[in-house]
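Have a look at the structure below before the remarks.
The values are calculated or read from the model by the stated rules, or taken from the named source; none is laboratory data. Bear in mind that the values here come from a model prediction, so they are computed numbers and not experimental data. In this analysis, Cβ positions are derived from the backbone assuming ideal geometry, glycine residues included, and neighbour counts consider all displayed protein chains.
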Number of protein chains: 2
Amino acid sequence: MGTAEDWVELLASDRESLDRTSTAERVADLLRQRVLEGGLAPGTRLSEESAGRALAVSRNTLREAFRLLVHERLLVHEFHRGVFVRVLSVDEVVDLYRVRRLLETGALRNSEEPAPERVADLGRAVDEGERAARDREWHEVGTANMRFHQAVASLAGSPRVDETMRQLLAELRLAFHVMPGLREFHEPYLENNRRIAELVGAGHRAEAANRLDEYLDAAETQLVAEYRRCPGGPHR
Amino acid sequence: MGTAEDWVELLASDRESLDRTSTAERVADLLRQRVLEGGLAPGTRLSEESAGRALAVSRNTLREAFRLLVHERLLVHEFHRGVFVRVLSVDEVVDLYRVRRLLETGALRNSEEPAPERVADLGRAVDEGERAARDREWHEVGTANMRFHQAVASLAGSPRVDETMRQLLAELRLAFHVMPGLREFHEPYLENNRRIAELVGAGHRAEAANRLDEYLDAAETQLVAEYRRCPGGPHR
DNA sequence: AACGAGTGAATTGTTGAACAATTCTGCTGT
DNA sequence: ACAGCAGAATTGTTCAACAATTCACTCGTT
């Protein structure tokens, strides 16, 4: 019976990649990527006509895609005015870190004995970050850092926490893009990440959580200070 | 300067109730209420034509509303098949409780010194629950219980946690409606809630968190056991 | 020159119809 | 009983139109 159940499981995971591809979702995927890469700067207005013409989709479909991204908090919708790439306020950045503390340290402190595969994910993210830092590829260092924290949250073993964390880190990128001169922002924390991963591997999760708490405080302070200097973007 | 700032604040909070009322959102509000009240049972299919005719809105507008509720996880969308009121699986119920543990006990353990107004909210929810129990109004007991846990989460002082918790409790109602004979489900926990509120009021948040943990374990066990008996609803 | 009112242009909100793509339904024949 | 097939029903998507609202600009007044 074991093999039969495995078939079902594999089948279910493939299903979505085959048939389920609505245009609105693909449009949303595109826009999301642009926003996260920084091609669409916070505050930018996305007019239905221009975007629709550029992507060759109807206004209705485009509006469905907009709704999706508004709900993900990457865009904001002002009635009768249009949709804009979201501009995070300082308060919102602070709140983002508040939730990170709750989720990430909670995942560490509450987890019984995390699946070894998840602990391995932690290590892989650290390795990748250090490799990228050696090569001076700061963008890669940033992504590896995000992956690390995603892996920390996933120690909770909850699909929903994973999803929330994904969205949360995506929003945080909105703040990163606004700021100049933060290429090497994540670099000093690489050593910290390794230490945290080691502590988790050794089963000292409470201690790892404490260290993570300190990291989050420091990163938040640094980010908020920088962000306050240019709340509307570096060019305003 | 204080009064001027207050004006701005009040203005901003009123703005949304005045102009911002898109049809799609109002439709979504209606549907959400129906789903949460149980009028639309989990598994029910919402055809675009019927719903559109009943609510007197166009298909496009209705589809926007559907997207909203799908993203809130109250509806599910199957490509080329339509939208259905979501049917929670047992795994998903378990995950819901996992996140509740993280959020609620985290809000208690991590909070420094919660705002006294929030602690008062806790007490009010308890009072209301006990009053409703005296009057044997079990539905009201349920709502008061939800309000209590919402108030617990809000001790974190994070708008985003509040929002997540709201959505999470809404989803949980999907599970409640499926189950028969659970009118008095929440009643035994009223005393627990009062004790937790007292502990928080006395500043013993860690102890309150422990008690809350036990409550969540017990409630989850009970709910899952009942839910397993009739995963597709009481009439299947 | 600064400022407010007002007018027209541009954009969004919403609808309805149309057609393509897919799924559902019921029939048929074996 | 069951596989296959045709037609009906439903969803996916686009287009065109109009109402409602905001934006941008001019104009006249001070």
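Things worth noting here:
- Of the residues in segment A:146-156, none is outside any helix (DSSP H, G or I) and surrounded by 17 or more Cβ atoms within 10 Å (Cβ to Cβ).
Here's the yes/no breakdown for (1) modelled with pLDDT of 90 or more; (2) more than 9 Å from DNA strand D (Cβ to nearest atom); (3) over 19 Å from residue B:22 (Cβ atoms):
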position	(1), (2), (3)
A:4	no, yes, yes
A:16	no, yes, yes
A:28	yes, yes, no
A:33	yes, yes, yes
A:37	no, yes, yes
A:43	yes, yes, yes
A:54	yes, yes, yes
A:68	yes, yes, no
A:71	yes, yes, no
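- Pairs, first in the same structural domain as residue A:46 (by TED's automatic domain parsing) and in contact (Cβ under 8 Å) with a residue 12 or more places away in the chain in segment A:64-81, second part of a strand (DSSP E or B) and more than 8 Å from DNA strand C (Cβ to nearest atom), C-beta under 7 Å, six or more apart: A:66/A:75; A:69/A:75; A:70/A:76; A:75/A:84; A:75/A:85
- Test: residue in segment A:129-138 that is over 22 Å from the mean Cα position of the chain (by Cα) and either assigned to a helix (DSSP H, G or I) or within 14 Å of chain B (Cβ to nearest Cβ) (or both): yes
- Scanning segment A:79-91 turns up one or more residues that are away from DNA strand C (no atom under 16 Å from the Cβ), surrounded by fewer than 18 Cβ atoms within 10 Å (Cβ to Cβ) and either within 12 Å of chain B (Cβ to nearest Cβ) or under 19 Å from residue A:205 (Cα atoms) (or both).
- Any hit, segment B:100-113, residues being away from chain A (no Cβ under 14 Å) and either surrounded by 19 or more Cβ atoms within 10 Å (Cβ to Cβ) or part of a helix (DSSP H, G or I) (or both): no
- Search result, residues across segment A:114-128 that are touching a residue at least 60 places away in the same chain (Cβ under 8 Å) and either surrounded by fewer than 17 Cβ atoms within 10 Å (Cβ to Cβ) or in a helix (DSSP H, G or I) (or both): A:119, A:122, A:123, A:125, A:126
- Scanning segment B:207-228 for residues that are of a type in the set (Phe, Trp, Tyr) and modelled with pLDDT under 90 turns up just one, B:227.
- Qualifying positions in segment B:34-51 - within 15 Å of residue B:84 (Cα to Cα) and part of a helix (DSSP H, G or I): B:34, B:35, B:36, B:48, B:49, B:50, B:51
- Residue in segment B:68-87 that is in contact with a Gly (Cβ under 8 Å, 6 or more places away or on another chain), over 30 Å from residue A:154 (Cα atoms) and either in a helix (DSSP H, G or I) or not aliphatic (A, V, I, L, M) (or both) present: no
- Consider segment A:29-50 and keep the residues that are crowded, with 19+ Cβ neighbours inside 10 Å and within 16 Å of DNA strand C (Cβ to nearest atom). The one that is nearest to residue A:142 (Cα to Cα) is A:40.
- Tally of residues being in contact with a helix residue (DSSP H, G or I) (Cβ under 6 Å, 6 or more places away or on another chain) and in a helix (DSSP H, G or I) across segment A:173-186: 2
- Residue within segment B:183-190 that is surrounded by 16 or more Cβ atoms within 10 Å (Cβ to Cβ) and at pLDDT 85 or above present: yes
- Selection within segment A:56-78 - out of contact with any Ser or Thr (no Cβ under 9 Å at 6 or more places or on another chain) and away from DNA strand C (no atom under 11 Å from the Cβ): A:56, A:68, A:69, A:71, A:72, A:73, A:74, A:75, A:76
- In this entry, residue A:66 passes the filter for residues that are surrounded by 15 or more Cβ atoms within 10 Å (Cβ to Cβ) and at the interface with another protein chain (Cβ under 10 Å from one of its Cβ atoms).
- Scanning segment B:28-54 for residues that are among the polar types (S, T, N, Q) and under 16 Å from residue B:77 (Cβ atoms) yields B:44, B:47.
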